[in-house]
1. For residues that are among the aliphatic types (A, V, I, L, M) and modelled with pLDDT under 90, scanning just the range 43-57, find the one that is least open to solvent (accessible area, probe 1.4 Å).
2. Between a residue in the range 110-133 that is at positive phi and at pLDDT below 95 and any residue that is surrounded by 14 or more Cβ atoms within 10 Å (Cβ to Cβ) and part of a loop (DSSP other than H, G, I, E, B), which pairs come within a Cβ distance under 6 Å, given they are 6 or more apart or on different chains?
Amino acid sequence: MTAPEPHPLDAPKQQAAAADLAAVRRALTELPQTPQDPHGWAAGAEETLRAVIGMERKAQMEMRIALEGHLDGLPLRKTAPLAAMTLPELVAEHREGRAMLLRVLDHLLAVGGQHEVRAWTYGEEVPPAVYLLALRGRLERLTGLIAAQRLQSVKRSR
């Protein structure tokens, strides 16, 4: 009999008490950006970026729902449908969307320091510290998907 798979929130919950949340937040800014030059990407690059952007939009929505009643000063960014975007448009959308995602995260952390808020992720409502750590894992995986797409493209061009 095999052991059950750990829940995606097990590690963030354990790390939340001892983590340097400011350092975790700073590290999110240092995640590699989507390469500006979309030339030479593999055929699946557009779909990969669409999936990543969609997941990051979902994360923003999770945080905005948690911030209900505390959204003052946090603009709502207009977005366009991803299906019709070209790869260069997707690259630009990803950069702008990531910047807004981090802005919403900062707002969640600030409000969470003053009021009781909980964000919904991985099927549970969690406090901002746990959400931050879970989001870090999600963004690292999504950034990895983009990097893998680029690596695949580089290998094909050799």
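1. By that ranking, first place goes to ALA45.
2. Hits for this filter: TYR122/PRO8; TYR122/LEU9.
The rows are residues; the columns are (1) within 19 Å of LEU142 (Cβ to Cβ); (2) in contact with a strand residue (DSSP E or B) (Cβ under 7 Å, 6 or more places away or on another chain).
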position: ALA19; (1), (2): no, no
position: GLU30; (1), (2): yes, no
position: GLY44; (1), (2): yes, no
position: ILE65; (1), (2): no, yes
position: LEU71; (1), (2): no, no
position: GLU116; (1), (2): no, no
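The values are calculated or read from the model by the stated rules, or taken from the named source; none is laboratory data. Treat the numbers as computed from the prediction; the structure is a model and nothing was measured. When we count neighbours, we look across all protein chains shown, and the Cβ atoms used for this are built from the backbone with ideal geometry, even at glycine. Heads up: the accessible areas ignore ligands, DNA and RNA and are worked out on the full protein's heavy atoms, side chains in. Shrake-Rupley method; radii C 1.70, N 1.55, O 1.52, S 1.80 Å.
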